[in-house]
Amino acid sequence: MQVVAGVDLGGTAINYTLLNQQEEFLIEGLCEHPALAKQGPELCLQQIADGLQIAAEGAGISIADVVAVGLDTPGPASAAGQLSARGSTNFAHPRWAGFDMREGLAHKLGKPVSYLNDANAAALWGHYSIFGSNGRETSISIVIGTGNGGGIILDGNVVKGKNGFGGELGHVLIPYQSIAGTNGIKAECNCGRTGDLESLCSLTGIEKNILPYFLARHPGHELAKMDLHQAAKLVRGLADQGDSLCREVFRVQAHALGLFFDEMVNTFDPDAFIVGGGALETSKEFQDWFMEQIRTAMPIQREEQAAIPIHVMPNGDTAGARGAAIEALKLAKQGGLA
Ligand SMILES: [Zn+2]
């Protein structure tokens with residue numbers, strides 16, 4: 001039995017999945033192990049290896065059956081998996097600076113390893129959930145969380161870019177001034193840009209930009225009494241329950257996304273758009289409303305462009321590990337291992 005593994009490494013936890021040749025995932029839900037990333041690469045790589053052993057045993061397979069491993073991590077890292085020499089939030093120990101994640105893990109496990117950043121891995125999972133692994137389709141994914149992650153799958157392959165920044169869609173500028181009812185809104189992103197997708201379409205964007213804008217105009221709202229950081233986290237739940245100010249916050253997000261998707265329609269002419277992340281961990285009614293709002297915000301499309309579907313990405317918690325496993329399956333097929 002030949003299997004590939006997906007290893008989603010975050011700052012605090014590692015999430016695993018296993019995928020067989022029939023493209024069935026052998027692990028349902030989360031299979032986690034502590035990452036200990038703060039303690040540096042040696043300990044963390046050992047944690048990955050130990051956790052993989054546990055995951056394999058749990059799925060009833062031998063570690064020897066794992067022919068390739070897909071790794072994904074938060075960036076910034078090169079397309080090949082070398083962490084930035086300037087360090088990163090999740091891998092702050094000095095020995096991580098410039099560390100080659102992919103090579104380090106391949107050496108540790110004695111198996112071929114593929115690498116994706118976490119957003120691109122999630123995008124690949126979203127793509128696979130619609131098109132499977134053998135297609136030549138193109139999709140654009142957006143994951144709305146604390147920040148805004150995304151990815152482009154072009155003709156079935158992840159666009160990684162020269163320096164690993166391919167698919168960093170959150171920092172693409174959008175014509176945000178055209179969103180109705182937001183005259184004078186501040187749209188500043190942590191990256192230094194004004195008016196990129198993440199500046200509005202992220203939890204951070206709600207806290208820094210959208211919520212302050214609306215609360216200044218509705219000082220009697222219940223969220224106006226709270227600290228913005230706490231208040232921002234309550235917006236989704238309240239919006240889902242129908243609170244009109246909180247719905248306005250998400251309307252702005254959906255409209256920002258509509259403007260962005262319009263740019264992508266004319267850049268890639270994709271087969272599908274996919275939206276995931278915490279923003280859509282809501283009722284079906286809210287999801288449907290949000291999707292409809294995205295559509296509403298897109299400028300008039302040609303008939304054939306208007307038919308491009310917008311999907312909700314399934315399995316949010318396991319998206320990274322699953323996408324990493326799909327990339328490993330490609331590596332195994334190319335290497336004649338599967
Ligand atoms: Zn930005």
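The values are calculated or read from the model by the stated rules, or taken from the named source; none is laboratory data. No experiment lies behind these values; they were computed from the predicted model shown. Reconstructed Cβ throughout: ideal geometry from the backbone, glycine too, with neighbour counts over all protein chains shown.
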Condition check: under 30 Å from Lys111 (Cβ atoms) and either modelled with pLDDT of 95 or more or of a type in the set (Lys, Arg) (or both). Does Lys284 satisfy that? no
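Taking only region 102-123 into account, find how many residues are part of a helix (DSSP H, G or I) and in contact (Cβ under 8 Å) with a residue 40 or more places away in the chain. Break it down into steps so the answer makes sense when it comes.
Step one: filter region 102-123 for residues part of a helix (DSSP H, G or I), giving 102-109, 118-123.
Applying the additional criterion that residues be in contact (Cβ under 8 Å) with a residue 40 or more places away in the chain yields 104-105, 108-109, 118-123.
Looking only at that region, the number is 10.
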Go through region 65-96 and give me each residue that's of a type in the set (D, E, K, R) and either farther than 20 Å from Gly147 by Cβ or surrounded by fewer than 24 Cβ atoms within 10 Å (Cβ to Cβ) (or both). Asp65, Arg86, Arg95
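Let's see how each residue does on (1) over 16 Å from Pro270 (Cβ atoms); (2) outside any loop (DSSP other than H, G, I, E, B); (3) among the aliphatic types (A, V, I, L, M); (4) touching a residue at least 60 places away in the same chain (Cβ under 8 Å):
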site	(1), (2), (3), (4)
Trp125	yes, yes, no, yes
Arg136	no, no, no, no
Lys162	yes, no, no, yes
Gly170	yes, yes, no, no
Ala180	yes, no, yes, yes
Cys191	yes, no, no, no
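For every residue, the table says whether it meets (1) buried (at least 20 other Cβ atoms within 10 Å of the Cβ); (2) within 16 Å of the ligand (Cβ to nearest atom); (3) closer than 25 Å to Lys233 by Cβ.
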| site | (1), (2), (3) |
| --- | --- |
| Arg136 | no, no, no |
| Ile142 | yes, yes, yes |
| Gly149 | yes, yes, yes |
| Ile152 | yes, no, no |
| Val172 | no, yes, no |
| Ala180 | no, no, no |
| Ala187 | yes, yes, yes |
| Arg193 | no, yes, yes |
| Asp196 | yes, yes, yes |
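One line per residue, one yes/no per condition, for (1) under 21 Å from Gln39 (Cβ atoms); (2) touching a helix residue (DSSP H, G or I) at 6+ places or on another chain (Cβ under 6 Å); (3) not aromatic (Phe, Trp, Tyr):
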site	(1), (2), (3)
Ala56	no, yes, yes
Asp65	no, no, yes
Ala68	no, yes, yes
Ser78	no, no, yes
Arg95	yes, yes, yes
Asp118	yes, yes, yes
Trp125	no, yes, no
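Would you mind stating whether Gly164 is within 16 Å of the ligand (Cβ to nearest atom) and either of a type in the set (Gly, Ala, Ser) or surrounded by fewer than 14 Cβ atoms within 10 Å (Cβ to Cβ) (or both)?
Details: within 16 Å of the ligand (Cβ to nearest atom): no; either of a type in the set (Gly, Ala, Ser) or surrounded by fewer than 14 Cβ atoms within 10 Å (Cβ to Cβ) (or both): yes.
So Gly164 fails the test.
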